[in-house]
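Here is the structure we will look at, set down as structure tokens.
Read-outs throughout are calculated quantities, based only on the coordinates presented, and are distinct from any laboratory measurement. Remember, predicted model here, so these are calculated numbers, not experimental data. Note that each Cβ is placed from the backbone with ideal geometry, even for glycine, and that neighbours are counted across all protein chains shown.
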2 protein chains.
Amino acid sequence: MGKRIFAADIGGTTVKLGMFTVEGELLDKWEIDTRKENNGGFILPDIADSIKAKMESENIAKEDVIGIGVGAPGPVDKSGVIYKAVNLGWGVLNIKEELEKLTGVTVMAGNDANVAALGEMWKGGGEGYSDLVVVTLGTGIGGGVIIDGRIVTGYKGAGGEIGHIHINDDETEVCGCGNKGCFEQYASATGIARLANRKLGSSNEDSVLRKCEINAKTVFDAVKAGDKLAMEIAEEFGEYLGKGLANVADVTNPEVFVIGGGVSKAGQVIIDYGQKYFKKYVFHACRDAKFVLAKLGNDAGIYGAAKLALNM
Amino acid sequence: MGKRIFAADIGGTTVKLGMFTVEGELLDKWEIDTRKENNGGFILPDIADSIKAKMESENIAKEDVIGIGVGAPGPVDKSGVIYKAVNLGWGVLNIKEELEKLTGVTVMAGNDANVAALGEMWKGGGEGYSDLVVVTLGTGIGGGVIIDGRIVTGYKGAGGEIGHIHINDDETEVCGCGNKGCFEQYASATGIARLANRKLGSSNEDSVLRKCEINAKTVFDAVKAGDKLAMEIAEEFGEYLGKGLANVADVTNPEVFVIGGGVSKAGQVIIDYGQKYFKKYVFHACRDAKFVLAKLGNDAGIYGAAKLALNM
């Protein structure tokens, strides 16, 4: 039997776990609950127990495990320390050290968005590229910047926090981070709903959106059905998405943007609206960046965690 | 005698040359004219001749030269190809290959701003740091992003082109790059003069700036003398500088910004105005980035070119 890698993607509700070959084949995946009681003190022991149980049932010796990769929802520095994970109840915690103590296996940990980016580079939409930015358009906007095949962790593990790039001086509502005018106030799922509600309030035009729940899916379904008001909302979204990503491109000049997260389920239409304005705002030498859709969906985190362990 | 490294920093008027030890001691520096005739066809042969003459006069054998590092004013990719250097008359040119043919010594080439950043990391204001951004506030704004001690070259050599980050939707004048609202339209030397002239035009307030030439130096001299209008201009400058660098920080989370270029000659006052607004706009996890002044002045380019050759 070849060597194995284990992967854990820690979310606020469940921990996704996976077992991989070194070539990146996902042999098995399963989930456990994220127990947040006791300031999240059960989470790492639960992960350790689950992986040890899998090793026993599959007859895998410690020597055959290359490592465990972990993605966690917060800034994680290069030594595996997470600074705060509000969703889990964690304060400052050395994930690497703790989980190594519990398992006896080498551990690598990273921020979940960064780790998912690594997964998309390894086996997803970014396969074959080494200078890329993975953008997750979900409730907020997460990002993972990869240079020469390596995640940009940053000094305090906050590399790729592109959701909080400032792109609008005129915003009056406050972002979750406390600032005003952040990228994710416009180009995330929440942002699209906000743009839609504002537009519906300021316009008298008829629209299918006046008769349904407003969210990223209903807006882009309406766009695809040719709804004029929805298309105006999509233009606004595209301008913000393009402007934000242009600023990212001016810093790192990626070859490709990989667009994932719930919003990206609308498909190529997201890219079409965003790329149009990207080309308007970006510095000319960075203008030919490609845009592709992410491929791994919710599995990006475990693929990336496995790749993180493999890169050790 | 120990090994030697040669360095060339190609500018529009002169080529700065240097000879270094592997420890980074600058043993000798000199300049030659940049001959732009013949589409810049003399530039690399002139550099090769000058370095070969130095090797002969100093009795240095080819085997004792680790390499030649080159900084050039344009986007240079990882293979040493420059895509365009308008100032030199160059189109697409493989600097590495050409200069290796002319000298028989291994060559590494990079963009001049990126190479200067490497110099500041090695022996300047950024010494001891490995995640940093060097910002050159000159006629325009140049940048060099360094992650884990390595320059972010980017896919087409345009990494660190932070001068063209979009930070103002309301701008009506066009930047040299063709866009509107670029970072360098406000926070460069040219930008400061523009802000000053606008302010002088829109205000009736008295100011020493009404009686002198307007440039970055006269504006910050007036700030230091307590001139009220100059201080208002400096606040505006600081807001733009802070906003632009906050966006850079949200992408790569550097430990330190190293501020250089002509504008930085005004000293700590530049940092004080910029950092105040940086803290306002940046994502909280990136807020503790330090700001320091560059140290190497015009020698940053040759130091960085030498470091580039050393890193081969």
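For chain A, give the share of DSSP beta bridges that are antiparallel, in percent and rounded to the nearest 5; count only bridges with both residues there. Please list the in-between numbers first.
Numbers: 27 of 47 bridges.
Antiparallel: roughly 55 percent of the beta bridges in chain A.
Quick one: of the DSSP bridges fully inside region B:1-124, what percent are antiparallel, nearest 5?
Values: 18 of 29 bridges.
Looking only at bridges with both residues in region B:1-124, the antiparallel portion is about 60 percent.
Couplings 3J(HN,Hα) of region A:27-38, computed from phi: 7, 7, 9, 7, 10, 10, 5, 8, 8, 8, 4, 6 Hz, in residue order, whole Hz [Karplus 6.51 cos²θ - 1.76 cosθ + 1.60, θ = phi - 60°; x for Gly and Pro]. Between the amide H of B:Lys180 and those of B:Cys175, distances stay under 5 Å, these residues lying 5 or more places away or on another chain, with hydrogens modeled in the peptide plane. In summary, the convex hull built on the alpha carbon positions of chain B has an orientation-averaged projected area of 16.6 nm².
Evaluate E = 1/(1 + (r/R0)^6) for A:Trp30 and A:Glu127, where r is the Cβ-Cβ distance and R0 equals 30 Å; express this FRET efficiency to the nearest 0.05. Walk me through the numbers on the way to the answer.
On the way: r = 25 Å, r/R0 = 0.82.
About 0.75, to the nearest 0.05.
When only alpha carbons are used to place a centre, region A:178-234 and region A:235-312 end up 20 Å from one another.
Mean per-residue shielding of peptide B:168-180 is 2, counting Cβ atoms of other chains within 10 Å of each Cβ.
The amide H of B:Val107, built 1.01 Å from its N in the peptide plane, has B:Ile68 as neighbours under 5 Å, considering only residues 5 or more places off or on other chains.
Computed from Cα atoms, the angle from the helix B:112-123 axis to the main principal axis of chain B rounds to 90 degrees.
Beyond 25 Å between alpha-carbons counts as too far, so tell me which of A:Lys243/B:Lys156; B:Lys78/B:Lys217; A:Lys16/A:Lys276; A:Lys16/A:Lys62; A:Lys36/B:Lys279 fall in that bin. Intermediate results must be reported in sequence, preceding the final value.
Details: A:Lys243/B:Lys156 20 Å; B:Lys78/B:Lys217 37 Å; A:Lys16/A:Lys276 36 Å; A:Lys16/A:Lys62 21 Å; A:Lys36/B:Lys279 32 Å.
Exceeds cut-off: B:Lys78/B:Lys217; A:Lys16/A:Lys276; A:Lys36/B:Lys279.
Spin-label model, A:Arg210 to B:Glu173: label points 7 Å out along the Cα-to-beta-carbon direction sit 4.6 nm apart.
Sequence-distant contacts, meaning Cα pairs under 8 Å at least 6 residues apart, place the relative contact order of region A:1-66 at 30 percent. Which listed residue (A:Ala266, A:Ala116, A:Leu209) has the Cα farthest towards the positive end of the charge dipole for chain A, taking +1 on Lys and Arg C-beta and -1 on Asp and Glu C-beta about the Cα centre? It is A:Leu209.
When Cβ neighbours within 10 Å are restricted to other protein chains, what is their mean count per residue of peptide A:277-290?
5
Arranged from fewest to most other beta-carbon atoms within 10 Å of their beta carbon, B:Glu25, B:Glu120, A:Glu236 become B:Glu25, A:Glu236, B:Glu120.
Comment: the Cα-to-Cβ extended label point of A:Glu37, at 7 Å, lies 8.6 nm from its counterparts in the other copies, nearest first.
Sorted shortest first, the distances from the A:Asn298 label point to those of the same residue in the other copies are 6.3 nm; each point sits 7 Å from Cα along Cα-to-Cβ. Take every Cα pair under 8 Å whose residues are at least 6 apart in sequence, average their separation, divide by the length of region B:125-295, and the relative contact order is 25 percent. Listed from fewest to most Cβ neighbours within 10 Å, the set B:Glu56, A:Glu31, B:Glu98 follows the order B:Glu56, A:Glu31, B:Glu98.
Based solely on its DSSP helices, what 222 nm [θ] is calculated for chain A when runs of n ≥ 4 H residues each add -39,500 (n - 2.57) and the sum is averaged over all residues, nearest 500 deg cm²/dmol?
Values: 10 runs with 117 residues, N = 312.
Result for chain A, helices only: -11500 deg cm²/dmol.
By how many degrees, 0 to 90 and rounded to 10, does the Cα axis of helix A:228-252 deviate from the longest principal axis of chain A? Taking the Cα atoms of chain A, the angle to A:228-252 is about 50 degrees. Can you return the aspartates and glutamates within cross-link range of A:Lys123? Criterion is Cα-Cα under 14 Å, with same-chain partners fewer than 8 residues away left out. A:Lys123 reaches A:Glu23, A:Glu25, A:Asp299. For A:Leu296, the amide hydrogen comes within under 5 Å of the amide hydrogens of A:Gly125, counting only partners 5 or more places away or on other chains and with H modelled in the peptide plane. Annotation: extensible slack from A:Val86 through A:Glu37 equals 16.4 nm (criterion: 0.36 nm per residue apart, minus Cα-Cα distance). With respect to chain B, whose longest principal axis is taken over its alpha-carbon atoms, helix B:43-57 is tilted by about 60°. Each eigenvalue of the Cα gyration tensor of region B:125-295, multiplied by 5 and square-rooted, gives one semi-axis; in descending order these are 27, 17, 14 Å. In order along region A:140-150, the Karplus-derived 3J(HN,Hα) couplings, from 6.51 cos²θ - 1.76 cosθ + 1.60 at θ = phi - 60°, round to x, 10, x, x, x, 9, 10, 10, 6, x, 10 Hz, and Gly and Pro are given as x.
Per residue, what volume in Å³ does the Cα convex hull of the protein assembly as shown take up? Intermediate values should be presented prior to the final figure.
Details: hull volume 110.5 nm³, N = 624.
It comes to 177 Å³ per residue, whole-number rounded.
Given Cβ point charges of +1 (Lys, Arg) and -1 (Asp, Glu) and nothing else, what value in debye, to the nearest 20, does the dipole of region A:1-126 about its Cα centre take?
Working: 14 positive and 19 negative charges, 43 e Å.
In total the dipole reaches around 200 debye.
Karplus-based coupling profile of region A:207-222, in residue order and whole Hz: 6, 4, 5, 6, 10, 9, 5, 9, 8, 4, 5, 5, 5, 6, 4, 5, with θ = phi - 60° in 6.51 cos²θ - 1.76 cosθ + 1.60 and x standing for Gly or Pro.
Partner shielding of B:207-219 amounts to 0, given as the average count of beta-carbon atoms from other chains within 10 Å of each residue beta-carbon.
Given Cα pairs under 8 Å that are at least 6 residues apart, what percent is the relative contact order of chain A?
Details: 691 pairs, mean separation 64.5, N = 312.
With pairs under 8 Å counted, the relative contact order is 21 percent.
Using the alpha carbons alone, the radius of gyration of region B:205-312 stands to its Kirkwood radius in an Rg to Rh ratio of 1.06. Within region A:33-192, DSSP assigns beta bridges of which about 70% are antiparallel (rounded to the nearest 5).
Among A:Phe42, B:Phe237, sorting on how many other beta-carbon atoms sit within 10 Å of each Cβ, with the fewest leading, yields A:Phe42, B:Phe237.
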